[in-house]
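Chemist: Pasting a structure here, questions to come.
The values are calculated or read from the model by the stated rules, or taken from the named source; none is laboratory data. Just so you know, these numbers come straight off a predicted model, no measurement behind them. Here Cβ is always computed from backbone atoms with ideal geometry, including for glycine, and neighbour counts include all displayed protein chains.
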Amino acid sequence: MPYEPKLGMSIEDLDTPALLLDLDAFEHNIATMSRFFAERPAALRPHAKTHKCPRIALRQIEAGAIGITCAKVGEAEVLARAGIRDILIANQVVGPIKIDRLTDLALDCDVMVAVDDPANVDALSEGCRSKGASLRVLVEVDIGMERCGVLPGVPALELAQHISESPYLQFTGLMGYEGHLVTVPDPRDRATRVREAMALLERTVGLLHSHGLPVQIVSGGGTGTYDVTGALPFVTEVQAGSYVLMDSTYAQIRPEFEPSLTVLSTVISRPAPDRAIVDAGMKAMSKEFGIPQPLGLPGAATLSLSEEHARLSLGEASPARVRPGDRVRFLPSHCCTTVNLYDTLHVVQRGRLVDFWPVAARGRGQ
Ligand SMILES: Cc1ncc(COP(=O)(O)O)c(C=O)c1O
């Protein structure tokens, strides 16, 4: 009989490498974030680049999120097809191929896009004119990350004025992502620096108001900063993404959320008494935020990842417990890039498989 995972089976019987989502931890994270925003004027618009999974996006909306954020047109297309109506592409959409797709999407659902360049605004406007579409547009302001975005103040005002002159675009507000601060280790230091960065956005909102431009949306924030950014009175939306899955990087910063994502692997070799090799390497878990470590093996550590293997030193872990064929779970160090390696999330509860959720926007990087 060919292998086919069945609902109800033990995770020990799953083939590997497999990506597991612990349903109870996932629901804890959804509930924790919902409670935070239930009491505040700002709303949650979770970033779907983390999970790329329409089932998760729909659950986030069911739990109170006002819409979804994504990074790419390809992700937005998948989410729109799954029935999500209100989507922010928190990124610049540049060039005729993508503007063609974006304007098609705008005919189908309510889509917003970030801009930081007047020529891009003109191209979006022309794209909308030719299709009879209309787009909501946010000016991205660089509040210190030095990635995309115009400078706060007059440059942002001038771009907003330029957008508001287009009959096909609606100037809707500002986006400022404080991504350079989301993993500042000390919470007080992080909060102070986030407030300073976001003050640049607040002053820009004031400048736009004083020039008669209404700012309906002010969007920013990530998992590391949601509590500070989401409590600022001028912020209307927060784009946190990782909170729902978590990883070892954010676990240091955000103990209120539980790691719900793990990678299940199999020991394929015990070449030395203190060494085990498993079948999950770089093609099964990303390592740009550090090498993922094994769970439930005290004293064991991952020495290195190659394409298809991880090398573990066993330390105090009883060698008898680690035989070829045994399962080893890893906590990813970066959930977003790990999910993008898989087609399916195996949803598990108390050690059993309870559902399969397709990572439908996996690899939709265009
Ligand atoms: C534009 C933007 N918004 C929000 C986020 C927040 O994501 P997370 O909550 O995973 O830190 C990111 C992360 O890269 C981002 O690029």
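Chemist: Return the total of residues in the stretch 332-358 being away from the ligand (no atom under 16 Å from the Cβ) and over 21 Å from residue 9 (Cα atoms).
Modeler: Of the stretch 332-358, the ones away from the ligand (no atom under 16 Å from the Cβ) are 341-358.
If we keep only those that are over 21 Å from residue 9 (Cα atoms) too, we end up with 341.
Residues meeting the conditions: 1.
Residue by residue, here is whether (1) touching a His at 6+ places or on another chain (Cβ under 7 Å); (2) surrounded by 22 or more Cβ atoms within 10 Å (Cβ to Cβ); (3) in contact (Cβ under 8 Å) with a residue 40 or more places away in the chain holds:
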position	(1), (2), (3)
82	no, no, yes
85	no, no, no
88	no, yes, yes
92	no, no, yes
101	no, no, no
104	no, no, no
112	no, yes, yes
115	no, yes, yes
119	no, no, no
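Chemist: Got a sec? Which strands (runs of 3 or more DSSP E) wholly within the stretch 204-323 have at least 1 residues that are buried (at least 21 other Cβ atoms within 10 Å of the Cβ) and more than 30 Å from the chain's Cα centre (by Cα)?
Modeler: Counting at least 1 such residues, we get 275-278.
Chemist: Across the stretch 222-231, what is the number of residues that are in contact with a Leu (Cβ under 9 Å, 6 or more places away or on another chain) and more than 13 Å from residue 187 (Cα to Cα)?
Modeler: 2
Chemist: With (1) crowded, with 20+ Cβ neighbours inside 10 Å; (2) aliphatic (A, V, I, L, M); (3) touching a strand residue (DSSP E or B) at 6+ places or on another chain (Cβ under 8 Å) as the list, and residue 182 as the residue in question, which single condition is left unmet?
Modeler: Failed condition: (3).
Chemist: List every residue pair whose Cβ atoms sit under 7 Å apart, with the two residues 6 or more apart in sequence or on different chains, where the first one lies in the stretch 226-248 and is over 16 Å from residue 25 (Cβ atoms) and the second, anywhere, is more than 10 Å from the ligand (Cβ to nearest atom) and basic (Lys, Arg).
Modeler: 228/195; 230/40; 231/40
Chemist: Continuing with the same structure: Taking the stretch 230-252 only, how many residues are among the hydroxyl-bearing types (Ser, Thr, Tyr) and near the ligand (Cβ under 10 Å from one of its atoms)? Write out each step before concluding.
Modeler: First, the residues of the stretch 230-252 that are among the hydroxyl-bearing types (Ser, Thr, Tyr): 236, 242-243, 248-250.
With near the ligand (Cβ under 10 Å from one of its atoms) added as a condition, the list becomes 242-243, 249-250.
Qualifying residue count for the region: 4.
Chemist: Further, regarding this structure: I need the full set of residues from the stretch 186-195 which are surrounded by fewer than 18 Cβ atoms within 10 Å (Cβ to Cβ) and either within 15 Å of the ligand (Cβ to nearest atom) or under 26 Å from residue 215 (Cα atoms) (or both), in order please. First the steps, then the outcome.
Modeler: The first filter runs over the stretch 186-195 and keeps only residues surrounded by fewer than 18 Cβ atoms within 10 Å (Cβ to Cβ), leaving 186-189, 191-192, 195.
The answer is 191, 192, 195.
Chemist: While we're here: Of the residues that make up the stretch 20-39, is at least one loosely packed, with under 15 Cβ neighbours inside 10 Å and at pLDDT below 95?
Modeler: Checking the stretch 20-39: at least one residue is loosely packed, with under 15 Cβ neighbours inside 10 Å and at pLDDT below 95.
Chemist: Here is a further query. Could you tell me which residue of the stretch 1-19 is nearest to residue 331 (Cα to Cα), considering only residues that are of a type in the set (A, V, I, L, M), surrounded by fewer than 20 Cβ atoms within 10 Å (Cβ to Cβ) and modelled with pLDDT of 95 or more? Break it down stepwise before answering.
Modeler: Filtering the stretch 1-19 for residues of a type in the set (A, V, I, L, M) gives 1, 7, 9, 11, 14, 18-19.
Within this subset, residues satisfying the condition of being surrounded by fewer than 20 Cβ atoms within 10 Å (Cβ to Cβ) are 1, 7, 9, 14.
Checking which are modelled with pLDDT of 95 or more leaves us with 7, 9, 14.
Values: 7: 23, 9: 22, 14: 17 Å.
Checking each candidate, the answer is 14.
Chemist: Say we look at the stretch 166-179 and pick out the residues that are farther than 15 Å from residue 138 by Cα and either surrounded by fewer than 24 Cβ atoms within 10 Å (Cβ to Cβ) or small (Gly, Ala, Ser) (or both); which of these is nearest to the ligand (Cβ to nearest atom)? First the steps, then the outcome.
Modeler: At the first step, the residues of the stretch 166-179 found to be farther than 15 Å from residue 138 by Cα are 167, 178-179.
Pick out the ones that are also either surrounded by fewer than 24 Cβ atoms within 10 Å (Cβ to Cβ) or small (Gly, Ala, Ser) (or both) and you get 167, 179.
Values: 167: 28, 179: 6 Å.
Per the criteria, the residue is 179.
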